[in-house]
Amino acid sequence: MKRTASASIVIRRRTLGMLGNILGVAGVVVGVIGLIWTGAPGNTVIATFAFGIGGILLWAVATPQEFTGFFSGRQVRFGTMAIVSTILLIGIVALVYLQLLRAAWTFDATQATRYTLSPETERVLSRLSSPMRIIGFYSSRALTTREIDDQFFRLYETATNGLISREYIDPDEQPAIARRYGVQYDGQVFLANVRDDGTVDLATLARVPRGDAQERDITEAIARQMIAGRLTIYFDIGLGERGPLDTTQEGISAVFAGVQESGINARTLDLAQIAAQGGDIPPDASAVLFVRPLRDLTESEIQTVARYLDAGGALLLLTDVLFSEQPFLSESGAFNQFLLENYGIGALDAVVVDPGLSAQTPLDVISAYVFAESDIAARLDPAVSPTLFSVARAVDVKLSETPSNIATGRVIFTTDQAYGETNLTLLGETNTFQYDEGVDLPGPLTTVAWSTNVQTGAKLVLIGDGDFVANGRIVTTDGAVTVPGNGILFTDSVVWLTELSEEIDFQPQLYGQALPLIFVSQQQMDLIAFITIIFMPTAVLLIGIGVWMRRSRR
Amino acid sequence: MTDAMIEVTRLTKRFGDRIAVDHISFSAKPGEVVGLLGPNGAGKTTTMRVLTGFLPPSEGGAKIAGHDVVTDSLNARRNVGYLPERVPVYPDMTVREYVLFWARLRGRRDARARADAVIAQVNLSERRDTLIRNLSKGMRQRLGFAQALAHDPPVLILDEPTIGIDPRQVIEVRDTVRELGRTKTVLFSTHILSEADHVCDRVVILHQGRIVAQGKPSDLKRKLRPDATLEEVFLSIIGTERGAGK
Amino acid sequence: MTSWIVFRREIAQFLTTPFAYVIGAAVLLLTGILFNRDLNISFSTKPADPALVPSILSFAMVFFAPLLTMRMFAEERREGTMELLLTAPVRELSIVLGKFLGAWAYFTLLLLFTGIYQIILVNITAPDLGHALSAYIGIWLYGGATLTVGMVFSALTENQIVAAFLGMVALMLLWLADQAGQLFSNIDVAIIFRTMSLQGHFSTSFASGLMRAEDVAFFAGIIAVMLFITAQILESQRWHG
């Protein structure tokens, strides 16, 4: 009994000693790696060292004869050396691995160079001067997604020498942070500026959309982030417009949110109130948007706008034909006259009827021609992304005899068959229209026009439809985009007005275009199946049997 | 004693608590055939395994052609040809491939010529392209010799080479050993005393891990009585050991 | 040099015994069936996946690698040749390295055979060959790593079946570690497990056409560490006779 008891203690001590040995060496090795890795003896490194020394002490105390045997006995020394050298090798491998992980040397083997930043992205990144951070929220379930995404984020970090950094947060572990960021789904990615103290500036937080073209999404988000905060656009609400937060079919909450999402500050202003108090449009306004105002501007309001424009302001005017007294931009009204005199563009009291190209009725005007040389229309290919205006207003552009320093141009144009119905009363009451020679305006007609003062930098875009970006027009109830051109027209107008385009000067890259599909005949398919499933394995098997038979006869 | 080809000094080998070989010392000169005698479990195989570098000694040491088996193991191994008790073979190789492999592995540059020479030496030339799986037991034993000689080592260690083969082949093996003993140092283990008597210049008698006697077979016999056989010598030694032990 | 001699014997062993051909035929049959299935699915709907066969092999190796390595040391021990190997003037590491290179060369040969699928694809469509090459380099290293894991278990046990079984279990765990995220709610733990997994250094990099230095280092490191451990196991067995 005594013997077995003492034997079991010996075994226990030996196990303990062995454990101490392994832990001790591992601790010291990890400590060394940690030291090399961090470059300075931090708390963790010291703790690991202490742990390692503790382990070695445990080894010495638990099995003293083995410990001394290490210095004299062959077998113990061999055993210990085997463990030590193995751990050491693992340590070296781990160190090399971590160094290479940090160096992030990669080689993109794909034909479509899927893992290489495009020149456009590199141009954007070359202008980056302040630190930014990509913050990804991934739970452990989205780990593979995170790995894939990380390969992209890493490219940005490498390309900017760390100016763009990466941070990953597990929304399950830190729900409070996830809530603060407004995380909506696992794997969501955000972008934000980094303050001098290294913390994320939550005020500059922007969501990165998750689409098929990851590089484009990230680069666009970075480009926007670079100008974010510097650009502010104001939606006027003082002339009877619907508020930007109106989520009904007629509201414009969708584009308002879209502007915000793109990194531009979006606010509201009340022109009537500012004019009444003799104030000015805020000087930080990169652009002021008048989305379907109901009444025309008063003299003092015009003065306010004029001062803003003289200071290089930008206006986006969305106007409808209104069947009321003193409607916005009435052809003979003071504001319209002001625009025509000073900027060479103005609205006409005529509804566009285009029998040549329209949707359900000739009043649903589809963009027939686009002046692609203007920045606004660059992406508005009528064949791919036409615009649709329901009851459009014709606009007037002075292409010659413009005021000094003013440049003007058309953006969207109707067909030759179009005409401008001027009998608004009849149209409004009976919904009838027809071309009256000499009375109605002959086509083709302009529906969107721009103007700029090259000296002051003032810019205007006049769009002859007030509700083309209303919630009901650009998206259906289930969120699908209906008329892509309308959204592009709005966005690119804002981009042009705010000079955002000079910040984001890159074309979205085309991905997944490259590889052709497989087309084979049934005979070919059968042949392939025969070769791969029957011929190849059988051939290998036969060779094997042949070789074996020949040899075994010896 | 520096010219000894095999030099064993206070060699001890423990397996856990069991002592297999207990502080044994002996040596063998060039051209000497030394028999390692003893009953099963006396420590013969263990001693040989230490000498061939297969097992590391627990204490003490051994030198082969002046190379320590622990500190200069690779050089020691280069000078030993080893035939374990059961001839180790690759059944799917031919005789020639097999001998060639060992000749190459042990560093012979002229491996092809050497392999053919060795195969001829053990009378397997006609079967050189036969698969080993198709060889008879006696042929395999000869192949074992060929393998041990493949690199032409100065020291040969043969572990019970006569076990399990028919008497005619036993004589053949004994002749071979004697023949080899002319040019090489041979350490040869057996538990059959008459065999050692026939073949060996000197014998080392092991019992329970210790050397109980060593010397020329004739001297050992003379000590007891002139016409004694080695069996009688052995039994008398073990007998006194037992008596002394108790 | 001595590794080269062991390597030559090992590769000759693969090429002269029917076992290796049976394994090869089985691998080709498996990849062939899955290749045809994928061809039928993607026919006229999507481009060919250049990493298809390497990805199949990445799973298949969980089972095939231990089958290839199980006899490596167990057989030497059974025939007693291990004793001769260990008394030859050769280091354990050289023996282990030679045996590994033999098995790896056999695996490389097998990979070259699967190149037939790429040839077929080139003839019927225009696959992304760069992507395919990356996946092949990846599976080549991956296969090497799985072989060394199998070797450790072959050195560890006398029994071939046990060696193969333990090797499969170990590789299965290394393979599944990729899915650690589904198992551990703590992402840092999950990342550590995924970093340890074989898939974690293949499926999202090599197999997607991206070669990363750290993945090469991972597989090379696994190979180095496992070979070293195998050599240590062989050496430690000397002490027990």
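Listed values, structure above:
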read-out	value
Order by protection proxy (mean Cβ within 10 Å, highest first), peptides A:230-236, A:15-21, A:390-396	A:390-396, A:230-236, A:15-21
Per-residue average of Cβ from other chains inside 10 Å of A:526-536	6
R0 of 30 Å, Cβ-Cβ distance A:Arg102-C:Ser236: FRET efficiency to nearest 0.05	0.25
Among A:Ser324, A:Ala221, A:Phe290 - extreme Cα towards positive end, dipole of region A:202-349, charges at beta-carbon	A:Ala221
Projected area, mean over directions - the protein assembly as shown, Cα convex hull, nm²	58.7 nm²
Loop-exposed GluC sites (Glu not before Pro) per DSSP, neighbour cap 15 Cβ within 10 angstrom, longest uninterrupted part of chain A	A:1-172
Burial order of peptide ranges A:534-542, B:204-212 (average beta-carbon count within 10 Å, highest first)	B:204-212, A:534-542
Cα-based shape type of chain A, given that a ≥ b ≥ c are square roots of the gyration tensor eigenvalues and the cut on a/c is 1.5	prolate
Shielding of A:145-157 by partner chains, average beta-carbon count, 10 Å	2
Given charges at Cβ of Lys, Arg, Asp, Glu: region C:2-238 dipole, positive-most of C:Leu84, C:Ser197, C:Leu166	C:Leu84
Total charge dipole magnitude, chain A, about the Cα centre, Cβ charges on Lys, Arg, Asp, Glu only, Debye to nearest 20	6180 debye
Between region A:309-370 and region A:113-135, the alpha-carbon center distance in angstrom	40 Å
Near-label residues of region C:199-241 by backbone N, under 13 Å of a point 7 Å along Cα→Cβ of C:Arg91	C:228-229, C:231-232
Residue-averaged beta-carbon neighbours from other chains (10 angstrom radius) around C:88-96	4
Rounded if a/c under 1.5, otherwise prolate or oblate - region A:233-497, Cα gyration tensor axes	rounded
Computed magnitude of the charge dipole of the protein assembly as shown (debye, nearest 20; Cβ of K, R +1, Cβ of D, E -1)	10460 debye
Table column - 3J(HN,Hα) (Hz), region B:155-160, Karplus curve with 6.51, -1.76, 1.60, x for Gly and Pro	10, 10, 10, 10, 9, 6
Angle in degrees between helix B:95-105 and the longest Cα principal axis of chain B, rounded to the nearest 10	70 degrees
Pairwise burial C:A, computed as accessible area of each alone minus the pair, summed, 1.4 Å, Å²	5600 Å²
Shape category assigned to region A:332-472 from the gyration tensor of Cα positions, a/c cut at 1.5	oblate
Centre separation in Å (Cα based) which lies between region C:75-89 and region B:68-133	12 Å
Accessible surface of B:His191 - all protein chains present, 1.4 Å probe, nearest 10 Å²	80 Å²
Computed lengthening from A:Leu35 to A:Val439, 0.36 nm per intervening residue step minus Cα-Cα distance	136.7 nm
Under the Karplus curve 6.51 cos²θ - 1.76 cosθ + 1.60, θ = phi - 60°, whole-Hz ³J(HN,Hα) for region A:352-357, x wherever Gly or Pro sits	6, 10, 10, x, x, 8
Residue order for A:Asp526, A:Asp201 - accessible surface, 1.4 angstrom probe, largest first	A:Asp526, A:Asp201
For region B:106-117, Karplus couplings with θ = phi - 60° (6.51, -1.76, 1.60), whole Hz, Gly/Pro x	8, x, 7, 7, 8, 4, 4, 4, 4, 4, 4, 5
Rounded accessible area of A:Arg77 (nearest 10 Å², 1.4 Å probe)	90 Å²
At least 30 Å² accessible surface lost relative to isolated chain, residues of region C:195-226 (1.4 Å probe)	C:Thr204, C:Ser208, C:Gly209, C:Leu210, C:Met211, C:Arg212, C:Ala213, C:Glu214, C:Ala217, C:Val225
Spin-label pair A:Ala311/A:Arg230, simplified geometry with 7 Å Cα→Cβ offset, distance in nm	1.9 nm
Largest to smallest principal axis extent of the C-alpha atoms in chain C, angstrom	63, 47, 30
Reachable lysines from A:Lys398, criterion Cα separation under 19 angstrom, eight or more residues apart if same chain	A:Lys459
Share antiparallel - DSSP beta bridges, chain A, percent rounded to 5	60 percent
Accessible area buried, both sides summed, chains C and B with 1.4 Å probe, Å²	2600 Å²
Calculated on alpha-carbon atoms, Rg and Dmax of region C:1-120 in Å	17.8, 62
Kirkwood Rh, Cα atoms: Rg over Rh of region A:121-225	0.94
Protection proxy ranking of A:95-106, B:134-145 - average other beta-carbon atoms within 10 Å, highest first	B:134-145, A:95-106
Accessible surface, per residue, of the protein assembly as shown when the full set of protein chains is kept, probe 1.4 Å, Å²	44 Å²
Rounded percent of accessible protein surface that carbon and sulfur make up, chain A, 1.4 Å probe	58 percent
B:Leu36 long-range amide H proximity, modeled H, under 5 Å	B:Phe188, B:Ser189, B:Thr190, B:Val204
C:Phe43 long-range amide H proximity, modeled H, under 5 Å	none
For A:Ser139, distant residues with modelled amide H under 5 Å away	A:Gly187
Share, in percent, of DSSP beta bridges within region A:233-497 that are antiparallel, nearest 5	65 percent
Per residue, the convex hull volume that the Cα atoms of region A:151-204 enclose (Å³)	94 Å³
Reach of B:Lys29 by Cα under 16 Å, taken over lysines that are not fewer than 8 positions away in the same chain	B:Lys63, B:Lys184, B:Lys216
Helix axis angle, A:484-497 relative to chain A longest principal axis, alpha carbon, degrees	90 degrees
Nitroxide proxy distance, nm - points 7 Å out along Cα→Cβ at A:Asp201 and B:Ile192	9.7 nm
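The values are calculated or read from the model by the stated rules, or taken from the named source; none is laboratory data. Computed from a predicted model, the values in this text were never measured in an experiment. Here Cβ is always computed from backbone atoms with ideal geometry, including for glycine, and neighbour counts include all displayed protein chains. Accessible surface areas use protein heavy atoms only, side chains included; no ligands, DNA or RNA. Shrake-Rupley method; radii C 1.70, N 1.55, O 1.52, S 1.80 Å.
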